[in-house]
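K.L.:
Here it is: the structure, laid out below.
The values are calculated or read from the model by the stated rules, or taken from the named source; none is laboratory data. Just so we're clear, the structure is a prediction, and the values are computed from it rather than from any experiment. Note that each Cβ is placed from the backbone with ideal geometry, even for glycine, and that neighbours are counted across all protein chains shown. The area values use the complete protein model at the heavy-atom level, side chains included, leaving out ligands, DNA and RNA. Shrake-Rupley method; radii C 1.70, N 1.55, O 1.52, S 1.80 Å.
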Amino acid sequence: MEELAMAPLTKVTRNFLADQQRERTISSLHLKLYLTNTFFSEVGPLVGDAIDNGLLKDLDLTVLDETDPLDRSDEDILQRAQEIDTFFRAYPSVLHCLTKLSLKNAGFDKLEMHHVLFDCCKQLKHLSLCYCDTGTYSVFKIDAPNSKLCVLEIDKCRFKRLELVCLPKLEKFACTTWGQSEEEDWLSMLTDDVLLSILRRVDLETAVRTSVISTRWRHLPWLLPQLTIDVDDFLSVPFPHPIEANDMDEAMVSLTKVTRSFLADHHRESTISSLNLALYLINTFLCEIGSLVGDAIESGLLKDLDLTVLDVTKPVDRSDEERPQRAQEIYTFFSTYPSVLRCLTKLSIYNADFNNLDMHHVLFDCCKQLKHLSLCHCDTGTHSAFIIDAPNSRICVLETDKCRFERIDLVCLPKLEKFVCFTWES
């Protein structure tokens, strides 16, 4: 069957890759074939010559096998790998052009396939291995600092474990099924870097839950360098509407607990490069959160803070007395925990009237690292001018939405790159 299919494929390949037939180059060739030496010896030169002549730019090669892996002996699998290796060595220009390679049913024991795949295939971006190994239940160690590989897919491969020491361009790693025995926890055999890359793609609650999978996972969530702790994630499901005071209290209890867990110095094995913290303005909890964040900053545990002070109450339902009160509570929070100001890189505030408070000094003098400021339904006194004169400020993004300033006077804000006014209320 394979011989019958390969005969017409060879004929078509010869027809398209014959130099005299082409008037222009082939930017990409997707070639799927069977491992039949009779035809490999002709397909190889055709593809190799097309590459050497500049006729073919990129090659996506799939080496098929219709035989059930259970019907392949260990000798068969080793023999297939040897034939693939021989093909690549006979036509090395094929390696230089490969951008995607898919292999099935091959055992590369005693073959230097790491060198072939990650050193010789300089353009390879996508590698797919199915029912492959480097010796039954052996370690597949990848250390390829110069590789361009960005997608690695493995399916039912019999590696004992996979060690990704260095694969700098990798964006996607997919393991459909692991060829280990059911008792083996193959996922836990991956390196910390790979597991952390997985955890970064899920929400924090899910990441924390993985810590109970096994002792291998227990410490991993506390190695995450970037954290997002959003009070809305702790609201009950389905999302309550409207959000009542009791809902907010319960969500803040959970947020405080998680914050305490991640910022407790004895839990951390590495610094937090960035914390995105969104919370409700409830004094009962702010005093503990302020202390936790402040201590983390003072101890060098936390580098950058993105703080959002939320408000679920509609602005029209806020009285003129409540808005200044919110502003006063925010001001008191910053005054009580001044180290928070030094670490702020982004600040978002809702429903606050900063009349009679020196928020200009707080926002533009004390927040020395602040780069992004967002104000929604805020003002400095009804229909007053918001004058910004901050020659030393690092703010590069300023956003206002439905703020009741009579006008904004940007006297000096030298680093400003983007100013957005979504809706103006005059």
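K.L.:
Out of curiosity, is Thr345 assigned to a strand (DSSP E or B) and under 24 Å from Trp222 (Cβ atoms)?
P.N.:
Working: assigned to a strand (DSSP E or B): yes; under 24 Å from Trp222 (Cβ atoms): yes.
Criteria met by Thr345.
K.L.:
Pairs under 8 Å by beta carbon, first residue closer than 23 Å to Gln328 by Cα in region 273-299, partner surrounded by 18 or more Cβ atoms within 10 Å (Cβ to Cβ) and of a type in the set (Phe, Trp, Tyr), six or more apart or different chains?
P.N.:
Short answer, once both residue conditions are applied: Leu279/Phe285; Leu286/Phe333; Gly290/Phe333; Gly290/Tyr337; Ser291/Tyr337; Val293/Tyr337; Gly294/Tyr337.
K.L.:
Among (1) assigned to a loop (DSSP other than H, G, I, E, B); (2) open to solvent by less than 30 Å² (accessible area, probe 1.4 Å), where does Arg24 come up short?
P.N.:
It fails just one condition, (2).
Residue by residue, here is whether (1) under 24 Å from Thr206 (Cα atoms); (2) not in a helix (DSSP H, G or I) holds:
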residue	(1), (2)
Val258	yes, no
Ser273	yes, yes
Leu279	yes, yes
Thr284	no, no
Ala327	no, no
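K.L.:
Taking only region 11-21 into account, find how many residues are modelled with pLDDT of 85 or more and open to solvent by less than 70 Å² (accessible area, probe 1.4 Å).
P.N.:
Of the residues in that region, 1 qualify.
K.L.:
Moving on. Among the residues of region 52-64, is any at pLDDT 85 or above and assigned to a helix (DSSP H, G or I)? Talk me through it step by step, then tell me what you get.
P.N.:
Taking region 52-64 as the starting set, the residues that turn out to be at pLDDT 85 or above are 52-64.
With assigned to a helix (DSSP H, G or I) added as a condition, the list becomes 52.
The answer is yes, given that some residue of region 52-64 is at pLDDT 85 or above and assigned to a helix (DSSP H, G or I).
K.L.:
Turning to a different aspect of this structure: Just checking, how many residues over region 212-242 are surrounded by fewer than 17 Cβ atoms within 10 Å (Cβ to Cβ) and in contact with a Leu (Cβ under 9 Å, 6 or more places away or on another chain)? Don't jump to the end; show me each part of the working.
P.N.:
Step one: list which residues in region 212-242 are surrounded by fewer than 17 Cβ atoms within 10 Å (Cβ to Cβ), which gives 212-216, 218-219, 223, 225-226, 228, 232-233, 236-242.
Within this subset, residues satisfying the condition of being in contact with a Leu (Cβ under 9 Å, 6 or more places away or on another chain) are 213, 216, 223, 225-226, 228, 232-233.
Matching residues across region 212-242 total 8.
K.L.:
Give me the residue from region 395-405 that is at pLDDT below 95, of a type outside the set (Phe, Trp, Tyr) and assigned to a loop (DSSP other than H, G, I, E, B) and, out of that set, nearest to Thr345 (Cα to Cα).
P.N.:
Lys402
K.L.:
Can we say Asp74 is touching a residue at least 24 places away in the same chain (Cβ under 8 Å), loosely packed, with under 14 Cβ neighbours inside 10 Å, within 26 Å of Gly135 (Cβ to Cβ) and of a type outside the set (Ser, Thr, Tyr)?
P.N.:
On the way: touching a residue at least 24 places away in the same chain (Cβ under 8 Å): yes; loosely packed, with under 14 Cβ neighbours inside 10 Å: yes; within 26 Å of Gly135 (Cβ to Cβ): yes; of a type outside the set (Ser, Thr, Tyr): yes.
Yes.
K.L.:
Among the residues that make up region 395-402, is at least one of them surrounded by 14 or more Cβ atoms within 10 Å (Cβ to Cβ), touching a strand residue (DSSP E or B) at 6+ places or on another chain (Cβ under 9 Å) and over 20 Å from Thr308 (Cα atoms)? If you could, list the steps in order and put the result at the bottom.
P.N.:
Initially, region 395-402 is screened for residues surrounded by 14 or more Cβ atoms within 10 Å (Cβ to Cβ), giving 395-402.
Now restrict to residues that are touching a strand residue (DSSP E or B) at 6+ places or on another chain (Cβ under 9 Å): 395-402.
Applying the additional criterion that residues be over 20 Å from Thr308 (Cα atoms) yields none.
No; the residues of region 395-402 include none that is surrounded by 14 or more Cβ atoms within 10 Å (Cβ to Cβ), touching a strand residue (DSSP E or B) at 6+ places or on another chain (Cβ under 9 Å) and over 20 Å from Thr308 (Cα atoms).
K.L.:
Is there a residue being modelled with pLDDT of 90 or more and either of a type in the set (A, V, I, L, M, F, W, C) or under 21 Å from Leu64 (Cα atoms) (or both) anywhere in region 108-123? Steps first, please.
P.N.:
Going through region 108-123, the residues modelled with pLDDT of 90 or more turn out to be 121-123.
Still in the list and also either of a type in the set (A, V, I, L, M, F, W, C) or under 21 Å from Leu64 (Cα atoms) (or both): 121.
Within region 108-123, one or more residues are modelled with pLDDT of 90 or more and either of a type in the set (A, V, I, L, M, F, W, C) or under 21 Å from Leu64 (Cα atoms) (or both).
K.L.:
Pick from region 89-124 the residues that are of a type in the set (D, E, K, R) and without any contact (Cβ under 8 Å) to a residue 40 or more places away in the chain: which of them is most open to solvent (accessible area, probe 1.4 Å)?
P.N.:
Looking only at region 89-124, we keep the residues that are of a type in the set (D, E, K, R), and these are 89, 100, 104, 109-110, 112, 119, 122.
Remaining after also requiring without any contact (Cβ under 8 Å) to a residue 40 or more places away in the chain: 89, 109-110, 112, 119, 122.
Values: Arg89: 148, Asp109: 64, Lys110: 189, Glu112: 102, Asp119: 67, Lys122: 124 Å².
Among those that are of a type in the set (D, E, K, R) and without any contact (Cβ under 8 Å) to a residue 40 or more places away in the chain, it is Lys110.
K.L.:
So Asp193 passes all but one of these: (1) open to solvent by 80 Å² or more (accessible area, probe 1.4 Å); (2) farther than 30 Å from Asp143 by Cα; (3) modelled with pLDDT under 90; (4) assigned to a helix (DSSP H, G or I). Which condition number does it fail?
P.N.:
With (1) open to solvent by 80 Å² or more (accessible area, probe 1.4 Å); (2) farther than 30 Å from Asp143 by Cα; (3) modelled with pLDDT under 90; (4) assigned to a helix (DSSP H, G or I) applied to Asp193, the lone miss is (2).
K.L.:
Still on this structure, I have one more. Let me confirm something: among Val411, Val420, which residue is at pLDDT 90 or above, under 29 Å from the mean Cα position of the chain (by Cα), over 17 Å from Leu307 (Cα atoms) and not in a loop (DSSP other than H, G, I, E, B)? Even if it seems obvious, please write down each step before you answer.
P.N.:
Numbers: Val411 fails: under 29 Å from the mean Cα position of the chain (by Cα).
On inspection, the qualifying residue turns out to be Val420.
K.L.:
Take the residues in region 161-190 that are modelled with pLDDT under 65 and either of a type outside the set (A, V, I, L, M, F, W, C) or touching a His at 6+ places or on another chain (Cβ under 9 Å) (or both), then tell me which one is surrounded by the most Cβ atoms within 10 Å (Cβ to Cβ).
P.N.:
Only one residue fits best here, namely Gly179.
K.L.:
Right, here's the next one. Given Ala264, Ala278, which one is within 28 Å of the chain's Cα centre (by Cα), surrounded by 13 or more Cβ atoms within 10 Å (Cβ to Cβ) and modelled with pLDDT of 90 or more? If you could, list the steps in order and put the result at the bottom.
P.N.:
Working: Ala264 fails: modelled with pLDDT of 90 or more.
After applying the criteria, what remains is Ala278.
K.L.:
Please work out which residue is modelled with the highest pLDDT, limiting yourself to region 346-386 and to residues that are over 25 Å from Glu322 (Cβ atoms) and either open to solvent by less than 30 Å² (accessible area, probe 1.4 Å) or over 34 Å from the mean Cα position of the chain (by Cα) (or both).
P.N.:
Leu370
K.L.:
Something else now. Tally the residues that are in contact (Cβ under 8 Å) with a residue 40 or more places away in the chain, assigned to a loop (DSSP other than H, G, I, E, B) and surrounded by 17 or more Cβ atoms within 10 Å (Cβ to Cβ), restricting the search to region 126-144.
P.N.:
0
Results for (1) under 17 Å from Lys346 (Cα atoms); (2) of a type outside the set (D, E, K, R); (3) open to solvent by 30 Å² or more (accessible area, probe 1.4 Å), shown as yes or no for each residue.
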position: Ile289; (1), (2), (3): no, yes, no
position: Val293; (1), (2), (3): yes, yes, no
position: Gly300; (1), (2), (3): no, yes, no
position: Thr308; (1), (2), (3): yes, yes, no
position: Asp317; (1), (2), (3): no, no, yes
position: Glu322; (1), (2), (3): no, no, yes
